[in-house]
Amino acid sequence: MEKVRIAIISDVHGNLEALKAVLKDAANERAEQYITVGDIALKGPGTDVCLELLEKLNPLTFVLGNHEQVYKDFLDGKSFDHSLKRRMIEDLVKYDYAFLGEEKFRYLATLPKKVSIQVFQTKMDVFHAMPNSVSFPIYATEEQAYFDEMFSGTDADVAINGHVHRQSLRRTAEDKLIINSGSVGLPGGESRKVKDNLAQYALIDIAETGIVDIHFKKITYDIDAEIAFAKKRNLPYVDIYEKTLRSGQYLYIDSQIEQYISPKFKQ
């Protein structure tokens, strides 16, 4: 049976060591194609290098994530003053800009929200959160209506999204698949009951008959090397980045980040 194996890569967040580990594992698994699902950018020190590695693979999709949307907000001159987190993000955006340069920064800021592709007879819509939103969180436990809505106005057979940093598989009322491969570069939120600091991705095998296999993977990577790289590159707020990676808990929320924000922001 002829089939193609595709690796799904989402939410890298500039974590170079995690991405390198995932791509090595995907190669060992004989992945032939790649799908990226947004949020290559921000938080970690290596957005520019991560983009370069992914571009070399010529993936089937690049789509806008909520963090690339922040790049667009920056280019559009929007204010970052309305929360501590946004003020932190502004510093990180400027940091990424310095490494990416104008052309690559603008490229990421202007990616499409949704890309539709077809492999054999299987049509897939790829988007970061929802087809029309890069930031609306859809967890696997949400009501059925949210998953059905993903297929409104499309003839796709499969939807692929990310954003919430949790691997999941759901179906619509019409038995269509929604696949979330989890996060390569950052763990899930503080409400997550089981915490881990593993890099997540997924493999799917597609044949003429449709998707014949889905394999969710979690792999270890060199966190010490990632933190060393972040410090070498003078990543802003490296302490919270290190604590997030080592604890396996997403700490970029206002209740956690206040201790890492410069006193000037609190005035």
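Hey, among 52, 102, which residue is open to solvent by 50 Å² or more (accessible area, probe 1.4 Å), in a helix (DSSP H, G or I), of a type outside the set (Lys, Arg) and farther than 23 Å from residue 238 by Cβ?
Testing whether each residue is open to solvent by 50 Å² or more (accessible area, probe 1.4 Å), in a helix (DSSP H, G or I), of a type outside the set (Lys, Arg) and farther than 23 Å from residue 238 by Cβ leaves just 102.
So which residues in the range 131-174 are of a type in the set (Ser, Thr, Tyr) and out of contact with any His (no Cβ under 9 Å at 6 or more places or on another chain)?
133, 139, 141, 146, 152, 154, 168, 172, listed by residue number.
If you go through the range 1-41, how many residues are assigned to a loop (DSSP other than H, G, I, E, B) and either surrounded by 24 or more Cβ atoms within 10 Å (Cβ to Cβ) or of a type in the set (S, T, N, Q) (or both)? Don't jump to the end; show me each part of the working.
To start, the set of residues in the range 1-41 that are assigned to a loop (DSSP other than H, G, I, E, B) comprises 1-2, 10-15, 29-32, 37-41.
Subset that is either surrounded by 24 or more Cβ atoms within 10 Å (Cβ to Cβ) or of a type in the set (S, T, N, Q) (or both): 10-15, 37-41.
Selection size over the range 1-41: 11.
Quick one: count up the residues across the range 62-95 that are surrounded by fewer than 21 Cβ atoms within 10 Å (Cβ to Cβ) and outside any helix (DSSP H, G or I).
8
Considering (1) exposed (fewer than 14 other Cβ atoms within 10 Å of the Cβ); (2) under 26 Å from residue 87 (Cα atoms), say which one residue 162 fails and leave the rest.
(1)
In the range 140-156, which residues are open to solvent by less than 80 Å² (accessible area, probe 1.4 Å) and in a loop (DSSP other than H, G, I, E, B)?
Listed by number, the residues that qualify are 140, 142, 150, 151, 154, 156.
Just need a number here: residues in the range 153-175 that are touching a residue at least 60 places away in the same chain (Cβ under 8 Å) and among the hydrophobic types (A, V, I, L, M, F, W, C).
Total meeting the criteria: 1.
The values are calculated or read from the model by the stated rules, or taken from the named source; none is laboratory data. Keep in mind it's a predicted model, so treat the numbers as computed, not measured. When we count neighbours, we look across all protein chains shown, and the Cβ atoms used for this are built from the backbone with ideal geometry, even at glycine. Each accessible area value is taken on the protein alone, full model and side chains, heavy atoms only, with ligands, DNA and RNA left out. Shrake-Rupley method; radii C 1.70, N 1.55, O 1.52, S 1.80 Å.
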